[in-house]
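Chemist: Please find one structure pasted underneath; my questions will follow.
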Amino acid sequence: MELLFIFEWLDTSTLAGISKAYGGVFAMVQTVHLVSIALLGGMVLVSDLRLLNLLLTSVPVPQVMDTTRKWITIALITVTLSGVYQASAVAIKLYHNSSFWAKMAGFAMGLLFLYVVKWPLLRHGVDSLNPWTVRLVAVASLTIWFSVAATGRWIGFS
Amino acid sequence: MVNEWLLRLATWLDGQQWSTDLHESYYMYNWVESTHVLTLMVFLGLLLAIDLRMLGLAFTGTPASQIADRLTPPMLAGFVVMVISGLVLFYSIPVRTTQSVWFRIKVVLLVAAGINALLFRNAMKRSVDSWDTDSLPPARIRWGAGISIGLWVGVVSTGRMIAYDWFDCHKEMPDFMYWAAGCVVELASIETAGAMEE
Amino acid sequence: MNGMNGMSRKGQQILAAGLSVVIIAGWGTYWAQQVQSVVELLRMAYG
């Protein structure tokens, strides 16, 4: 599958014209991205540490899942919007960056895992589930999102 | 006066072999910076979770004090590693950072965030029994949480800006900016130029 | 999204556990390789 055309299109889009022209706005969007990542990371941490019985153990799991799911969804939206804005300024460079692709693979995996596996599984609470399944799901979720953040930081270095 | 003293300290740090090694080491510097950003995620993420509870926007079914008590230890763990890695980053590029206007604003915002956190803690301790289980805490508490989020967003934002060289001392910019960034050499030459005109 | 709602509870659990193991192993390998390549570079530089 050849995806270069998407990046070429993004590189010549109006958005890219704006993101390349205004350095100050770019820096502010980076801040939005960082704060969104923190929100996402914090809520993922609370959610998965609860599943591992390491945090907020006196609060019922469904209650923790309800709040964290809401804020994770909000963070995913802002992280994506600010991410696309930043990508438009360096689209062609990103296409040739291996950390970028590692991050995108992780991000897609994280989305699918949350919406298709984790939340549907926990919909009826954890009481009827095998505790080892719950632990594995929590560790997998932490692994994915840690990896997305770390490979994302590495984009700027490589 | 303070600027000269700070610059002397930074120059002394800069002269140390470890500082140079760290700055020139591609992998070490990147590992430290990545640690700084990843622990920022842990610290700020948990801080946001606590502040959102205080704003009545998250975990509303759980007592506010319980959220604060349980999330504070892991938040502080992230904070400690974040501060250490931040100091190492400063140590590896001391002179430029000392004369960075962004870094200076960041330090001011950090101090403000610290004072706000102490005031908030006291206000909460004094009154929490009367509203602990309310889904929407009193206005005073909500203000404190809002200010906390605002200050920390400012810290992240100015921290990110340090990497940009728009207002570095060697750039052509208004005199005010040399003063704000504490550019010792440039300020001295402005003074000499002024004296010569007289 | 419905996710795995059509499946039996047991099927959901097996799928979730299996996927989790694959994800943990996959990223574990990725990070092990990253660390290994850094170690090798360091060895070339200093060893």
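Chemist: Any residue in the stretch A:46-72 that's more than 8 Å from chain B (Cβ to nearest Cβ) and hydroxyl-bearing (S, T, Y): show its pairings with residues that are assigned to a loop (DSSP other than H, G, I, E, B) and open to solvent by 10 Å² or more (accessible area, probe 1.4 Å) at Cβ separation under 8 Å, as long as the two are six or more apart or on different chains.
Modeler: Listed by first residue and then by second, the contacts come to nothing, as the list is empty.
Chemist: Would you pick out the residues in the stretch C:4-46 that are in a helix (DSSP H, G or I) and among the hydroxyl-bearing types (S, T, Y)?
Modeler: Across the stretch C:4-46, the qualifying residues are C:S20, C:T29, C:Y30, C:S37, C:Y46.
Each row is one residue, and each column tells you yes or no for (1) open to solvent by 50 Å² or more (accessible area, probe 1.4 Å); (2) closer than 24 Å to A:A27 by Cβ.
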| position | (1), (2) |
| --- | --- |
| B:A113 | no, yes |
| B:S127 | no, no |
| B:S148 | no, yes |
| B:F176 | yes, yes |
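Chemist: In the stretch B:1-62, which helices (runs of 4 or more DSSP H) lie fully inside it and hold 1 or more residues that are open to solvent by less than 40 Å² (accessible area, probe 1.4 Å) and within 7 Å of another protein chain (Cβ to nearest Cβ)? Show your work before the answer.
Modeler: Working: elements: B:2-14, B:17-24, B:26-54.
Answer list for the stretch B:1-62: B:26-54.
Chemist: What do you reckon, is B:V108 closer than 23 Å to B:W179 by Cα and among the β-branched types (V, I, T)?
Modeler: Considered against the rule, which asks whether it is closer than 23 Å to B:W179 by Cα and among the β-branched types (V, I, T), B:V108 comes out as yes.
Chemist: Sticking with this one: Those residues that are open to solvent by 50 Å² or more (accessible area, probe 1.4 Å), in contact (Cβ under 8 Å) with a residue 40 or more places away in the chain and of a type outside the set (V, I, T), I need them from the stretch A:99-139; list them, please.
Modeler: Across the stretch A:99-139, the qualifying residue is only A:R135.
Chemist: Next up: Of the conditions (1) out of contact with any Leu (no Cβ under 9 Å at 6 or more places or on another chain); (2) within 30 Å of B:E33 (Cβ to Cβ); (3) open to solvent by 40 Å² or more (accessible area, probe 1.4 Å); (4) assigned to a helix (DSSP H, G or I), B:R160 satisfies every one except a single condition; which number is it?
Modeler: (1)
Chemist: I'd like the full set of residues that are more than 21 Å from the chain's Cα centre (by Cα), surrounded by fewer than 21 Cβ atoms within 10 Å (Cβ to Cβ) and part of a helix (DSSP H, G or I), limited to the stretch A:12-47. So that I can check it myself, show each step before the final result.
Modeler: Of the residues in the stretch A:12-47, the ones more than 21 Å from the chain's Cα centre (by Cα) are A:12-25.
Checking the rest, the ones that are also surrounded by fewer than 21 Cβ atoms within 10 Å (Cβ to Cβ) come to A:12-18, A:20-25.
Residues satisfying the conditions are A:T14, A:L15, A:A16, A:G17, A:I18, A:K20, A:A21, A:G23, A:G24, A:V25.
Chemist: Among (1) in contact (Cβ under 8 Å) with a residue 12 or more places away in the chain; (2) more than 30 Å from B:L6 (Cβ to Cβ), there is one condition B:I105 misses while meeting the rest; what is its number?
Modeler: So the condition that B:I105 fails would be (2).
The values are calculated or read from the model by the stated rules, or taken from the named source; none is laboratory data. This one's a predicted model, so the numbers in the text were calculated from it and none came from an experiment. Glycine also receives a Cβ, built like all others from the backbone with ideal geometry; neighbour counts cover every protein chain displayed. The accessibility values were calculated without ligands, DNA or RNA, using every heavy atom of the protein model including side chains. Shrake-Rupley method; radii C 1.70, N 1.55, O 1.52, S 1.80 Å.
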